[in-house]
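Below is one structure; the comments refer to it alone.
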Amino acid sequence: MIFTIIGELTSLNEYIDTERRHYQLAASLKKKETKRVAREIMLAKLKPITNFPIHITYTWYSKDSRKDIDNISFSKKFINDGLVLAGIIPNDGRKQICGFAEVFLIDKENPRVEVNIYHVDEYRE
């Protein structure tokens with residue numbers, strides 16, 4: 001199961017800066033990014049997953065290399081919460097998601113996140 005999120009998501013440093021201004025602004029930002037991800041999932045017409053656990057691979061395509069990869073990686077929180085909001089998984093706990101992998105690349109023209117979801121048996125093969 002694959003879907004793509006167009007553009008870059010909010011990084012950890014951006015989130016922290018927002019939270020320092022006001023905690024409600026940060027909560028609003030989290031809700032906005034989670035809904036954005038859920039919309040992309042719904043546009044991809046993914047079906048709910050019923051066979052768990054799953055493994056997720058995130059491929060992050062940034063417009064440049066200025067952000068540290070750990071700041072980018074923070075955004076997987078929005079993606080996992082978006083999977084729940086869109087009804088693809090019932091929860092984003094350890095019973096549902098047993099692991100993940102990440103790759104960080106540059107694409108100046110088309111920043112995005114490609115998300116690949118595998119059932120654990122498929123990932124091991």
- Members of segment 1-32 that are over 16 Å from ASP70 (Cβ atoms), among the hydroxyl-bearing types (Ser, Thr, Tyr) and buried (at least 17 other Cβ atoms within 10 Å of the Cβ): THR18
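Would you say ILE41 is loosely packed, with under 15 Cβ neighbours inside 10 Å, touching a residue at least 24 places away in the same chain (Cβ under 8 Å) and either farther than 17 Å from TYR15 by Cβ or out of contact with any Cys (no Cβ under 9 Å at 6 or more places or on another chain) (or both)? Explain how you work it out, then say what you get.
Numbers: loosely packed, with under 15 Cβ neighbours inside 10 Å: no; touching a residue at least 24 places away in the same chain (Cβ under 8 Å): yes; either farther than 17 Å from TYR15 by Cβ or out of contact with any Cys (no Cβ under 9 Å at 6 or more places or on another chain) (or both): yes.
Spelling it out, it is not the case that ILE41 is loosely packed, with under 15 Cβ neighbours inside 10 Å, touching a residue at least 24 places away in the same chain (Cβ under 8 Å) and either farther than 17 Å from TYR15 by Cβ or out of contact with any Cys (no Cβ under 9 Å at 6 or more places or on another chain) (or both).
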- Of residues in segment 1-48 being within 14 Å of the chain's Cα centre (by Cα) and of a type in the set (S, T, N, Q), the one farthest from PHE104 (Cα to Cα): THR34
- Query: Exactly one of (1) assigned to a helix (DSSP H, G or I); (2) within 13 Å of VAL115 (Cβ to Cβ); (3) touching a helix residue (DSSP H, G or I) at 6+ places or on another chain (Cβ under 6 Å); (4) not aromatic (Phe, Trp, Tyr) is unmet by THR34. Its number?
  - Reply: (2)
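Condition first: assigned to a helix (DSSP H, G or I) and at pLDDT 95 or above. Now tell me which residues in segment 77-125 satisfy that. First the steps, then the outcome.
Quick first cut of segment 77-125, residues assigned to a helix (DSSP H, G or I) only: 77-85, 120-124.
Across segment 77-125, the qualifying residues are LYS77, PHE78, ILE79, ASN80, ASP81, GLY82, LEU83, VAL84, LEU85.
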- Message: Given (1) within 17 Å of GLU114 (Cβ to Cβ); (2) without any contact (Cβ under 8 Å) to a residue 40 or more places away in the chain; (3) part of a loop (DSSP other than H, G, I, E, B), identify the lone condition not met by LEU9.
- Response: (2)
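Tell me whether segment 59-76 contains one or more residues that are assigned to a strand (DSSP E or B), in contact with a Pro (Cβ under 6 Å, 6 or more places away or on another chain), closer than 21 Å to GLU102 by Cα and not β-branched (Val, Ile, Thr).
Looking through segment 59-76, at least one residue is assigned to a strand (DSSP E or B), in contact with a Pro (Cβ under 6 Å, 6 or more places away or on another chain), closer than 21 Å to GLU102 by Cα and not β-branched (Val, Ile, Thr).
The values are calculated or read from the model by the stated rules, or taken from the named source; none is laboratory data. On a predicted model such as this, the values are computed, not experimentally measured, just so you know. Cβ atoms come from the backbone with ideal geometry, glycine included; neighbour counts cover every protein chain shown.
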